[in-house]
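Reviewing the structure listed below.
The values are calculated or read from the model by the stated rules, or taken from the named source; none is laboratory data. Not measured: the values here are computed from a predicted model. So basically every Cβ, Gly included, is an ideal-geometry build from the backbone, and we count neighbours across all protein chains shown.
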Amino acid sequence: MTSHVYKNAYKQDKPINNRSGPKGNPMNLISKVTSKGQITVPQRIRRHLQISKGDRVEFLIGSDGKVTLLPATADVRALKGMMAKPKKKVTIEDMRRAIEVEGGKKA
């Protein structure tokens, strides 16, 4: 399975809700599956995951059969350090020249 940067991009320290169901268990939030296989993610969950219209989400199925929903978005700062620093600085002019040279070639 591919590792994704965004898995830790949401706030795990905040509870989804502050109300409890019977015996102090967290309250269940329920959605209905449409004929197209779609669901509406409850507002509390969307706020908790910091997702909104058009955002992508990832479903993970654990070995115990439980499904986890994660936002498939990341703060751009989470990408810092993923790429090695270039050995040589490249200027905008160097990039333009490379584009002109490579852009003129036919595949």
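Within region 30-86, the set of residues being in contact with a Pro (Cβ under 9 Å, 6 or more places away or on another chain) and aliphatic (A, V, I, L, M) comprises Ile30, Leu49, Ile51, Val57.
Of the residues Ser52, Ser63, Ser31, the single one that is surrounded by 11 or more Cβ atoms within 10 Å (Cβ to Cβ) and assigned to a loop (DSSP other than H, G, I, E, B) is Ser31. For beta carbons closer than 8 Å, sequence separation of 6+ or different chains, a first residue in region 23-35 that is under 17 Å from Arg46 (Cβ atoms) and a second that is modelled with pLDDT of 70 or more and among the β-branched types (Val, Ile, Thr), the qualifying pairs are Leu29/Ile45; Ser31/Ile39; Ser31/Thr40; Ser31/Val41; Lys32/Ile39; Lys32/Thr40. Here region 70-95 is the region considered, the condition is being exposed (fewer than 11 other Cβ atoms within 10 Å of the Cβ) and among the charged types (D, E, K, R), and the residue that is modelled with the lowest pLDDT is Arg77.
Quick grid of which residues meet (1) hydroxyl-bearing (Ser, Thr, Tyr); (2) farther than 30 Å from Ile30 by Cβ; (3) touching a strand residue (DSSP E or B) at 6+ places or on another chain (Cβ under 8 Å):
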residue	(1), (2), (3)
Glu58	no, no, yes
Ser63	yes, no, no
Val67	no, no, yes
Lys80	no, yes, no
Lys85	no, yes, no
Arg96	no, yes, no
Glu100	no, yes, no
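Does at least one position in region 67-90 carry a residue that is part of a loop (DSSP other than H, G, I, E, B), closer than 14 Å to Val41 by Cβ and touching a residue at least 24 places away in the same chain (Cβ under 8 Å)? Checked region 67-90: at least one residue is part of a loop (DSSP other than H, G, I, E, B), closer than 14 Å to Val41 by Cβ and touching a residue at least 24 places away in the same chain (Cβ under 8 Å). Among residues of region 96-107 being of a type in the set (A, V, I, L, M, F, W, C) and either in contact with a His (Cβ under 8 Å, 6 or more places away or on another chain) or exposed (fewer than 10 other Cβ atoms within 10 Å of the Cβ) (or both), the one that is farthest from Pro42 (Cα to Cα) is Val101.
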